[in-house]
Every structure is written in C-alpha cells, then in structure tokens.
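Asker: Okay, here's the structure, questions in a sec.
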Amino acid sequence: MRAIHHIMFRSPSEEQMASFAEAGVEVRRVLTIAEDDPRWTKVALLIERFKLRDVVTTEHSDSDQDAAGVLTMLATDQHGYPEPAMDGSYLPATFDLAEHCRFCGIGRRQSAPFRLKKTPALGKSILQLNWIFDEYFVNPDTFKTVFRPSGVDCRPVVLNKTGAEIDSVVQLSIPQIIDLRTDGLAYKECSHCGRRKYSHTFLREGPCPAPTEIVASIFKSNQYFGDGARAFRLVLISGLLHRGIKAARLSGVRFIPCAE
Ligand SMILES: [Zn+2]
C-alpha cells in the first residue's frame, strides 16, 4: 500500500507558491504527491506551516490486489450523462421509482435501457456515467472477451433521440445483490424513508467491507453508500474477474481489496 496526499489550494499566496517551488513542486488547485516521493518530507512541513487541507488516499500495490479474493471496482472518472439529463427525466425514463426516495436517493430500480446523447468511443475502457455510480458500460468486444467468459450478462443501451440500440456499447448486467459485513461502519438513517445509508470514507484507504458470500463474478452490495441525495451500491468483483480485467489491460477503473 502507498499513501497519496491530495493537497487543496483555494488561492495560493505568493509565499506559498515560493515555498512549494523551493521544495521542488509546483502549486496547483489540487497538488497530488505520494509519501514515497523524495520531496514529501519538505511538502509535509509546508502543509503543517500553511495549515492546508490534505486528503489522503491509498494506492494498493498489484500484489495486494492480485492476492484479494474479492475487490470493489470503482471508476477513475465519469463521462457523459444518463439522458434526458437536463430536467432529470432520465430517472423516470430509466428506473422504476416506486421505492425511490428523492431525499436520500435510495431505492431506484432499473426498468429500461440507459439512454445516451451520442455513441461513446470506448476502446479498451470501462465507462461510468456521471450520477450513476453503480453501473458500468463496455464495448461488445470487451464484453465478449472479458466478461461473458465469467458468466456476466449484458443489456442494451439506446440513443436518447431515437431510442435505437447502440451497437458499440453494452451495460454490464449486475443482478446479484449480496449483504456486506458493515458492522461498525458509520451510517445515517433517512429522516423521510427511514432507510440506512453507510459512509463510504473507506473508499479512500480501504479495505472495503467483505461480502457475506460470493455467488457471482460480479455483484452489488445490498447496502447503500453515499451522502446527501446520492446513494449507490458497491460493485464487487471476484479475484478471477479482476485478473481478467487486468490481463485485458482495460482502463477507466480502479480496485480496492475487500477485508478478509
Ligand atoms: Zn430516504
């Protein structure tokens, strides 16, 4: 494991910029530096001196990841939006909202294909849309070579304007829902629907809570995570599928091992 610091600057003063330049780093809005970087000792002193906000994340080594029996899969970035995005009507267009709570975001159930504005150029990447943190999209070749051999199914994606199926992208179908061992994890109960949403701060440093069983190569947590009106399930994958994704050199995702 390797600690990575993300140091936040609002409007750096000249003194801050000069001091950081002296330590060998250029100030940006978010300055990212690993603890094993030779400049770290000096930077650490400057964080202290200027009382800067420092968010620490952990990068797991390849050997940590390879040894894990089950891992959480996270997108490194989000691209595009579920449509129609402007007025939020992607929600009723894509989900059955009978159990949905708009205050905490829990309870939407997908009932129709996702709608996209245009055909995405995916190449060898795994796509996640903005706002939808528990679904992934790949091109059909990637699906056939990496996911289908692990027993994963897929569902179509359509163009928003015409409703026509897009032949260069599919959504990974992840119907299995498994309880995670969330004992001891902080949560809030929604004051409107009373349902529980867990804090997801462990995503910074890992490990993720372990599933009570592994029944498929890809599955979702029964528990919801997030804050405010955002709620998502964790997507977990087996060690075997993780190795398949790495062997195929797919980009767009990162992994955090689950607790033993
Ligand atoms: Zn609620």
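Asker: Along the positive direction of the dipole of the chain (beta-carbon charges: Lys, Arg +1; Asp, Glu -1; about the Cα centre), which of 61, 174, 218 reaches farthest?
Answerer: Result: 174, furthest along the dipole toward the positive end.
Asker: Now, a different point. What does the charge count around residue 214 come to, taking other residues whose C-beta lies under 14 Å from its C-beta (Lys +1, Arg +1, Asp -1, Glu -1)?
Answerer: Value of the local net charge: -1.
Asker: Oh, and also: Within the set of other residues whose C-beta is less than 14 Å from the C-beta of residue 180, count the net charge using Lys and Arg as +1 and Asp and Glu as -1.
Answerer: Here the charged neighbours net out to 0.
Asker: Taking a point 7 angstrom from the Cα of residue 112 along the C-beta vector, which residues in segment 139-170 have backbone N less than 18 Å away?
Answerer: 155-166
Asker: Moving to a separate point now. Would you list which lysines come within 30 Å of residue 42, measuring only between C-alpha atoms, while excluding same-chain residues fewer than 8 positions from it?
Answerer: The qualifying lysines are 51.
Asker: Still on this structure, I have one more. When the chain is modelled as a GNM with alpha-carbon springs shorter than 10 Å, which of 63, 199, 168 fluctuates the most?
Answerer: It is 63.
Asker: Measure of size requested: the Rg and Dmax of segment 149-260, with Cα atoms as the atom set and Å as the unit; please supply both.
Answerer: 16.3, 48
Asker: I've got another one for you. When only alpha-carbon atoms count, how far does segment 141-185 stretch along each of its three principal axes, as whole angstroms with the largest first?
Answerer: Principal-axis extents of the Cα atoms in segment 141-185, largest first: 47, 28, 13 Å.
Asker: Just from the alpha-carbon atoms, what are the Rg and Dmax of segment 82-205 in angstroms?
Answerer: Both quantities, over Cα of segment 82-205: 16.4, 48 Å.
Asker: Turning to a different aspect of this structure: Would you work out which of 85, 132, 107 lies farthest towards the positive end of the dipole of the chain? Charges go on Cβ: Lys and Arg +1, Asp and Glu -1.
Answerer: The Cα lying farthest towards the positive end belongs to 85.
Asker: When Rg is the radius of gyration of the Cα atoms in the chain and Rh is its Kirkwood radius, what does Rg/Rh come to?
Answerer: 1.00
Asker: Ordered by packing density, taken as the mean number of other Cβ atoms within 10 Å over each peptide's residues, highest first, how do 181-188, 43-50 rank?
Answerer: Per-residue Cβ counts within 10 Å, averaged per peptide and sorted highest first, yield 43-50, 181-188.
Asker: For residue 161, go through the lysines and keep the ones whose alpha-carbon is under 25 Å away, minus same-chain ones fewer than eight residues off.
Answerer: Straight-line reach from residue 161, under 25 Å: 117, 118.
Asker: Report the rotationally averaged projected area of segment 53-106 based on its alpha-carbon convex hull, in square nanometres.
Answerer: 7.3
Asker: Quick one: compute a quarter of the convex hull surface over the Cα atoms of segment 2-59 and quote it in nm².
Answerer: One quarter of the hull surface, i.e. the mean projection, equals 3.5 nm².
Asker: Once you have the Cα-Cα distance between residue 179 and residue 44, take 0.36 nm times their residue separation minus that, and quote the gain in nm to one decimal.
Answerer: My answer for the length gained is 44.6 nm.
Asker: Continuing with the same structure: What is the Å³ per residue value for the convex hull set by the Cα atoms of segment 21-129?
Answerer: 226
Asker: Enumerate the lysines that residue 220 could reach by cross-link, defined here as Cα to Cα under 25 Å, with residues fewer than 8 away along the same chain left out.
Answerer: Straight-distance partners of residue 220: 124, 144, 188, 197, 246.
Asker: Ok, one more. Determine the calculated [θ] at 222 nm for the chain from helices alone, applying -39500 (n - 2.57) to every DSSP H run no shorter than 4 residues and normalising by the residue count; nearest 500 deg cm²/dmol.
Answerer: -4500 deg cm²/dmol
Values quoted throughout were computed directly from the atomic coordinates according to the rules given, and no laboratory measurement underlies them. Quick caveat, the model's predicted, so the values are computed rather than measured. Counting neighbours? That spans all protein chains shown, and the Cβs are built from the backbone with ideal geometry, glycine included.
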